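K.L.:
So that we are looking at the same thing, I have put the structure below in structure tokens.
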Amino acid sequence: MKFIEKYFKLFVCVAVVIVSIVVFFLSQRGSVLESGTLKNWLAASDTARVAAVKVLTASSENADLISACVTKMAQLPDSAEFSVSDAVRLCGLAVQLKENN
């Protein structure tokens, strides 16, 4: 009987570890937009776009303007493989330059 209990506990522990790993990887897939390409940007909703801008800039200042700028960049030909984080940085820099001039 102890033999069965021992292996049952081992089975439960292995199952918990596997479920934890699956949940971890599924939760990482939720943040694809911030680390994705502009192809992912066009497929996302407007709220997800603004949320990604807020995460990448660590500010809610000009989030709508930066989101619109990145959307314009994503609609350009041959821009599908450009990273969202680079586009947000570039648009954020453009907004800062506009504000300072």
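The values are calculated or read from the model by the stated rules, or taken from the named source; none is laboratory data. This one's a predicted model, so the numbers in the text were calculated from it and none came from an experiment. Backbone-built Cβ (ideal geometry, glycine too); neighbour counts: all protein chains shown. Heavy atoms of the whole protein, side chains included, go into the accessibility calculation; ligands, DNA and RNA do not. Shrake-Rupley method; radii C 1.70, N 1.55, O 1.52, S 1.80 Å.
K.L.:
Of all the residues that make up the stretch 31-80, how many are open to solvent by 30 Å² or more (accessible area, probe 1.4 Å) and in contact with a Lys or Arg (Cβ under 7 Å, 6 or more places away or on another chain)?
P.N.:
The number of residues fulfilling the criteria is 2.
K.L.:
With respect to VAL32, is the statement that it is of a type in the set (A, V, I, L, M, F, W, C), free of Cβ contacts under 8 Å to residues at least 12 places away in the same chain and in contact with a helix residue (DSSP H, G or I) (Cβ under 9 Å, 6 or more places away or on another chain) true? Even if it seems obvious, please write down each step before you answer.
P.N.:
Values: of a type in the set (A, V, I, L, M, F, W, C): yes; free of Cβ contacts under 8 Å to residues at least 12 places away in the same chain: yes; in contact with a helix residue (DSSP H, G or I) (Cβ under 9 Å, 6 or more places away or on another chain): yes.
Judged against the criteria, VAL32 is a match.
K.L.:
Testing ALA43 on (1) touching a Leu at 6+ places or on another chain (Cβ under 8 Å); (2) without any contact (Cβ under 8 Å) to a residue 40 or more places away in the chain, one condition comes back false. Which one is that?
P.N.:
For ALA43, the failing item is (1).
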